[in-house]
1. Take the range 190-231 and flag every residue that is free of Cβ contacts under 8 Å to residues at least 24 places away in the same chain and outside any helix (DSSP H, G or I).
2. Within the range 246-275, take every residue that is among the β-branched types (Val, Ile, Thr) and within 15 Å of the chain's Cα centre (by Cα) and give me the one that is nearest to ASP24 (Cα to Cα).
3. Any residue that is part of a helix (DSSP H, G or I), among the hydroxyl-bearing types (Ser, Thr, Tyr) and either in contact (Cβ under 8 Å) with a residue 40 or more places away in the chain or in the same structural domain as ALA279 (by TED's automatic domain parsing) (or both) - is there at least one of those in the range 162-181?
4. With GLY291, GLY314 as the choices, which residue is under 30 Å from TRP252 (Cα atoms) and at pLDDT 85 or above?
5. Somewhere in the range 345-367, is a residue at pLDDT below 80, over 19 Å from PHE200 (Cα atoms), of a type in the set (Lys, Arg) and assigned to a helix (DSSP H, G or I)?
6. Across the range 57-110, which residue is nearest to ASP147 (Cα to Cα) among those that are in a helix (DSSP H, G or I) and small (Gly, Ala, Ser)?
7. Out of the range 349-382, which residues are farther than 26 Å from ARG273 by Cβ and either surrounded by 14 or more Cβ atoms within 10 Å (Cβ to Cβ) or in the same structural domain as PRO333 (by TED's automatic domain parsing) (or both)?
8. Going through MET181, MET136 one at a time, which residue ends up being closer than 30 Å to LEU79 by Cβ and of a type in the set (A, V, I, L, M)?
Amino acid sequence: MPLFAYKGRDNQGALVQGTLESTDSSNVASQLSSLNITPIEIKPQTAKTMTKEVSLDFFEEKISTLDVMLFSRQMYTLLKAGIPIMNALNGLQASTQNKTFGLVIGNIRESLAGGRELSVALAQHPKVFSSFYISMVRVGESTGLLDSVFLRLFEHLEFERFMRDQIKAALRYPTFVVIAMAIAIVVVNLFVIPAFAKVFESFGAELPLMTRVLLGFSGFMQASWPYLLVAGIGAILMFRSYVATSIGKYNWDSFKLKTPIAGKIIHKATMARFARSFALASKSGVPITNGLKLVAQTADNDYVGSRIDQMREGVERGESILRTATNSGVFNPIVLQMIAVGEESGSLDDLMEEVADMYQRDVEYEIKTLGAQIEPILIVFLGVMVLILALGIFLPIWDLGSIALNKG
């Protein structure tokens, strides 16, 4: 996505500037509004500026989710102990192992020393702190529960990291198997079958249909492999370019949810992330509509995020959460029942945490049984490959051997 440089004013009238990654300037304006920042200027970053940032980022140490997690946990501990926030940030800056993150903390300290609020200081680093994170900190500042908010953010980031790792683990095995099979097919067609082709030519007899098909396909790959390689690389680049667009990302995220086996794991993980984020926002005192807007940005799936946005629009029209959740089409009946109970009893945040726990357990179970689910498919696929090779390569050898024996 393109980067946009922005300037704006916060609630106190202080100037705020930074960069945000978004599809267009209108989305940037919406994100700034959710952070209570009135945009003054929004413009795409020039190629010169972007090149400069890329060259700097190449040599700088990257800031990971783990760094932000540790920062949140340490801030909770220090603030809980009654240490002033400036002293806490000073200690964290001196003790952090990530030098780049240390510079970010130093910049936050300078902003606080200049009279800005912590949430505004964090908003100057959108690549490090998400809009959801900043909004939670703003809620903590307004309610006087900043230490508790940092603890919840730590737990939230830990959960997010866990779910991402689970999804990667779920996709790693089938991806590896598909790549291994593709390599095997290429090796067989480029090296194995051509060796048998020379033997078949010496026979001078008519070959079975399956053998002729294998030899023809192998010959095609031998003659066209440079073009096939270029076409494959071009297809990958075109796919990445398409997915980088908003509509491409939406369609790809929708397709991932419909893929066999892995799709249901991704769906459950996304639902767990939504439920946990919504529970955190609700417990922190964020209004439902604002909470849904923030959660849609953290869904990590544009298709599900659009459905959450539809829920927010329905709530703004006066519809119940249950009705909007039902119309979204992404929740199963059990979750809808829990939402209904939570809405009636006023304990929606607690029940959403239970929903997140339920989905998390389901994801863990699905990943543990992933091998057992994929093995039958792989066995069938390998069986078909072996059958084709046996019929195409060994059948003519067997036939010619039988003829030779009969003649003898």
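1. Answer for the range 190-231, where residues must be free of Cβ contacts under 8 Å to residues at least 24 places away in the same chain and outside any helix (DSSP H, G or I): GLY204, GLU206.
2. Quick first cut of the range 246-275, residues among the β-branched types (Val, Ile, Thr) only: 247, 259, 261, 265-266, 270.
Subset that is within 15 Å of the chain's Cα centre (by Cα): 265-266, 270.
Numbers: ILE265: 31, ILE266: 27, THR270: 25 Å.
Going through the qualifying residues, I end up with THR270.
3. Start the filter on the range 162-181 by keeping residues that are part of a helix (DSSP H, G or I), which leaves 162-181.
Those still in the list that are among the hydroxyl-bearing types (Ser, Thr, Tyr) too: 173, 175.
Now restrict to residues that are either in contact (Cβ under 8 Å) with a residue 40 or more places away in the chain or in the same structural domain as ALA279 (by TED's automatic domain parsing) (or both): 173.
Yes, there is a match, as at least one residue in the range 162-181 is part of a helix (DSSP H, G or I), among the hydroxyl-bearing types (Ser, Thr, Tyr) and either in contact (Cβ under 8 Å) with a residue 40 or more places away in the chain or in the same structural domain as ALA279 (by TED's automatic domain parsing) (or both).
4. Details: GLY291 fails: at pLDDT 85 or above.
Criteria check complete, one pass: GLY314.
5. no
6. Let us first name the residues in the range 57-110 that are in a helix (DSSP H, G or I), namely 57-59, 65-80, 85-95, 99-110.
Cutting the leftovers down to small (Gly, Ala, Ser) gives us 72, 88, 91, 94-95, 102, 106.
On the way: SER72: 9, ALA88: 12, GLY91: 16, ALA94: 21, SER95: 20, GLY102: 21, GLY106: 20 Å.
That would be SER72.
7. In the first step, residues of the range 349-382 are kept if they are farther than 26 Å from ARG273 by Cβ; the result is 375-382.
Once the filter is applied, which keeps residues that are farther than 26 Å from ARG273 by Cβ and either surrounded by 14 or more Cβ atoms within 10 Å (Cβ to Cβ) or in the same structural domain as PRO333 (by TED's automatic domain parsing) (or both), the range 349-382 yields only LEU378.
8. Working: MET181 fails: closer than 30 Å to LEU79 by Cβ.
Only one candidate passes the filter, namely MET136.
The values are calculated or read from the model by the stated rules, or taken from the named source; none is laboratory data. Predicted model, so just to flag it, every value in this text is computed and none were measured. Quick reminder, even Gly has a Cβ in these numbers, built from the backbone with ideal geometry, and neighbours come from all protein chains shown.
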